[in-house]
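Colleague: Just passing along the structure, written as structure tokens.
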Amino acid sequence: MLARIPFRLSLACLALTGAAFVAAACGDDDDGGNSEDASFRITKKAPNDTVKVDMIEFKMMPDKPSVAAGPTKFIATNTSTTMVHELAVLRVKDDGTFENTGEVEDVAIGKSGEIVLDLPAGKYVLACLLVPGEAGSTVDHFKEGMKIDFEVK
Ligand SMILES: [Cu+2]
């Protein structure tokens with residue numbers, strides 16, 4: 001499941017078809033400088049717990065503040081009537097930066113998506129990472145406050 005960056009880059013490449021600088025342009029990471037998406041902790045193990053997360057501008061609303069370590073299913077529901085949202089499960093590393101453990105990407109208005117992640121104990125942030133130009137967005141959802149602390153014990 002390394003789909004996110006290659007997929008978006010391939011779209012960008014298609015858009016640039018015919019341009020002489022395609023190769024160089026498509027080598028860049030357009031994901032805000034966090035290149036750790038390849039470390040996604042997606043698992044096929046049966047989940048021990050489920051977290052339902054309602055998403056609306058610009059709030060993340062999980063139905064519980066924490067889970068035990070191990071495989072956890074996240075069901076992300078977009079309750080907005082106006083825009084797409086997504087759920088990224090970010091682990092806060094010792095140096096304060098984030099590891100993106102996995103995402104439910106681009107959930108349409110009124111729709112849900114889910115993912116199962118095998119999570120070690122630690123501090124997490126549930127966040128929407130849509131930025132201007134993605135999924136029709138005109139704002140940076142994270143900067144608008146679309147994030148909440150979460151814990152894996
Ligand atoms: Cu959002």
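The values are calculated or read from the model by the stated rules, or taken from the named source; none is laboratory data. Just so it is clear, the structure is predicted and the values come from calculations on it, not from any experiment. Every residue, glycine among them, receives a Cβ derived from its backbone with ideal geometry; neighbour counts consider all protein chains shown. Side chains are part of the model used for accessible areas, which takes the heavy atoms of the whole protein and leaves out ligands, DNA and RNA. Shrake-Rupley method; radii C 1.70, N 1.55, O 1.52, S 1.80 Å.
Colleague: Taking amide H atoms as placed 1.01 Å from N in the peptide plane, list the residues 5 or more away in sequence, or in a different chain, whose amide H sits under 5 Å from that of D140.
Modeller: Under 5 Å from the amide H of D140 lies no amide H from a residue far enough along the sequence or on another chain.
Colleague: Give me the percent of accessible area attributable to carbon and sulfur for region 40-153, probe 1.4 angstrom.
Modeller: Roughly 53 percent of what the probe reaches on region 40-153 is carbon or sulfur.
Colleague: If you don't mind, another one. Report the label-to-label distance for S112 and S66 in nanometres (one decimal), using points 7 Å from each Cα along the Cα→Cβ vector.
Modeller: Taking the simple label geometry, S112 and S66 are separated by 2.6 nm.
Colleague: Going through the cross-link list K73/K143; K73/K111; K45/K143; K44/K143; K64/K147; K44/K147, which pairs have a Cα-Cα distance over 23 Å in this structure?
Modeller: The pairs that break the limit, which is 23 Å between Cα atoms, are K73/K143; K45/K143; K44/K143; K44/K147.
Colleague: In addition: What do you reckon, how do D118, D63 stack up by accessible area (1.4 Å probe), largest on top?
Modeller: D63, D118
Colleague: Something else about it: I'd like the accessible area for K45: 1.4 Å probe, protein heavy atoms, all chains in place, Å² to the nearest 10.
Modeller: 110 Å²
Colleague: R0 = 30 Å: FRET efficiency of A121 with K59, Cβ-based, nearest 0.05?
Modeller: Numbers: r = 25 Å, r/R0 = 0.85.
For R0 = 30 Å, the calculated efficiency reads 0.75.
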